[in-house]
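Just so you know, all these numbers are worked out from the coordinates, no wet-lab data involved. In this text the structure is predicted, and so the values were computed from the model without any measurement. FYI the Cβ positions are ideal-geometry reconstructions off the backbone, even for glycines, and counts take in every protein chain you see.
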Amino acid sequence: MKKIKYRELSLATKSIHGKHLHAFKGPVTLPIYQTSTYRFENSNDAIRYAQGDPNVLVYTRYHNPSVNEVEDRITLMENGEAAALFSSGMAAISTAILSVCKSGDEIVSTPALYGGTYRFFRDTLPNYGINIKHVDPLSLEDLAYLITPKTKVVYFETPTNPTLALVDIEKLVKLTRKMEKEFRKKITIIIDNTFATILNQKPFDFGVDVIVESTTKYLGGHADLMGGVVVGSKKFIHNVKELAKHLGGCADPFAAFLLDRSLKTFELRVQRQNQNAMALAKALEKYPKVNRVIYPGLPSHPQHKLAKKQMSDFGGMVTVEVKGGVKGAVKVCDSLKVAINAMSLGGVETLVSIPVYSSHVKMSKEELAKHGVTPGMIRISVGVEGIQDLIEDFKQALGKL
Ligand SMILES: Cc1ncc(COP(=O)(O)O)c(C=O)c1O
């Protein structure tokens, strides 16, 4: 039989079958290795482990077959070399960052990040001597002076949370590589691709080094698991996994099983979320009680041209700013019947949240302005419900304003 070129398979086939396109006896679904430790046949196994043989299973914080299978599947889906699965998106992000940065190093990031990441950068990393500088995504040329010989990481998200502003990935990579050459030092470019997902945006095609993602969101997709993933080169992931042994944010085998189940419908779900988001965004643009609809797929989005260039579709996140400021946003969220008033995103259920009360709490007025977050904003994570029901639901809730 001709050798299967797994990397050339479609995303859906990769996410359903991984590297198992061959006949074998066994379960159709992923077995859960719900164990913390592994039996040795005899002490030779322990000796082989002590001598560094990576094939000896010893302890689930180090490796677990259910977790490793999902890592392989995601590696294939994202066209990376290797992946490390974590207990949450924040565990993935923090471990990835700490695997490259030490005291005295600098990170250059865009200011508009998921609030948890932003606060980790602002409140925790400086305590360990790692400092953050911000680059305005609309003035990426500033990287020429923001990047110094101390810069280890350039970190960004696109689209950003919750304002759905875009960062020009190609430009950011080009400018960073230029500085890398000038200083003759490796700079790791890390993207949080949680919002777009690999279906809509392929960062490795633009030369990004590392993708981090909260698998709690679209990859998980059912609001029932917590997880995170880092995808990159074999060397990078080796270092991440070594540090993960110390920091301990390993994925749980049962969460890996749930994620495996979710990956099989990933493409179907996100395609429907893309379609629903576009239809809802278009419908909401027509309501007078809505000041602004932000969705990269709308021609009214200031970076729509860039969105078309670097995204194949525009994702399931829509942000609206309603009349009446935060009181208006509260009224609308409390009046919805189909959409659920809850934090998080990426699941089959449509969720709404008010950024000033959720992702962007504990930020000063200046910080909110820097992030472009206003009190009347509602972030909508569009699910896979019937689109007409969603449009009617928002119409009746906005009617209460
Ligand atoms: C874009 C983004 N990145 C990372 C995270 C953190 O993921 P987790 O909550 O799984 O730790 C979130 C959570 O909302 C997110 O929205």
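Might you check whether a residue that is within 12 Å of the ligand (Cβ to nearest atom) and either free of Cβ contacts under 8 Å to residues at least 60 places away in the same chain or over 16 Å from the mean Cα position of the chain (by Cα) (or both) occurs anywhere in region 164-182?
No, region 164-182 contains no residue that is within 12 Å of the ligand (Cβ to nearest atom) and either free of Cβ contacts under 8 Å to residues at least 60 places away in the same chain or over 16 Å from the mean Cα position of the chain (by Cα) (or both).
Of all residues being out of contact with any Phe, Trp or Tyr (no Cβ under 8 Å at 6 or more places or on another chain) and part of a helix (DSSP H, G or I) in region 13-44, which is surrounded by the most Cβ atoms within 10 Å (Cβ to Cβ)? Just the residue, please.
Looking at the filtered set, the residue picked out is ILE16.
Find the residue count for region 108-122, including only residues that are more than 9 Å from the ligand (Cβ to nearest atom) and touching a helix residue (DSSP H, G or I) at 6+ places or on another chain (Cβ under 7 Å).
Of the residues in that region, 6 qualify.
Checking LEU138 against (1) closer than 23 Å to PRO296 by Cα; (2) out of contact with any His (no Cβ under 8 Å at 6 or more places or on another chain); (3) within 16 Å of the ligand (Cβ to nearest atom): exactly one of these is not met. Which one?
The failed condition is (3).
In region 330-371, which residues are more than 22 Å from LEU398 (Cβ to Cβ) and more than 14 Å from the ligand (Cβ to nearest atom)?
Matches in region 330-371: VAL348, LYS362, MET363, SER364, LYS365, GLU366, GLU367, LEU368, ALA369, LYS370.
Test GLY324 against the criterion of being surrounded by 17 or more Cβ atoms within 10 Å (Cβ to Cβ) and on the phi > 0 side of the Ramachandran plot, and give yes or no.
When the stated conditions are applied, GLY324 does not pass them.
Just wondering, is there one or more residues in region 91-99 that are more than 16 Å from the ligand (Cβ to nearest atom) and out of contact with any Gly (no Cβ under 9 Å at 6 or more places or on another chain)?
Within region 91-99, one or more residues are more than 16 Å from the ligand (Cβ to nearest atom) and out of contact with any Gly (no Cβ under 9 Å at 6 or more places or on another chain).
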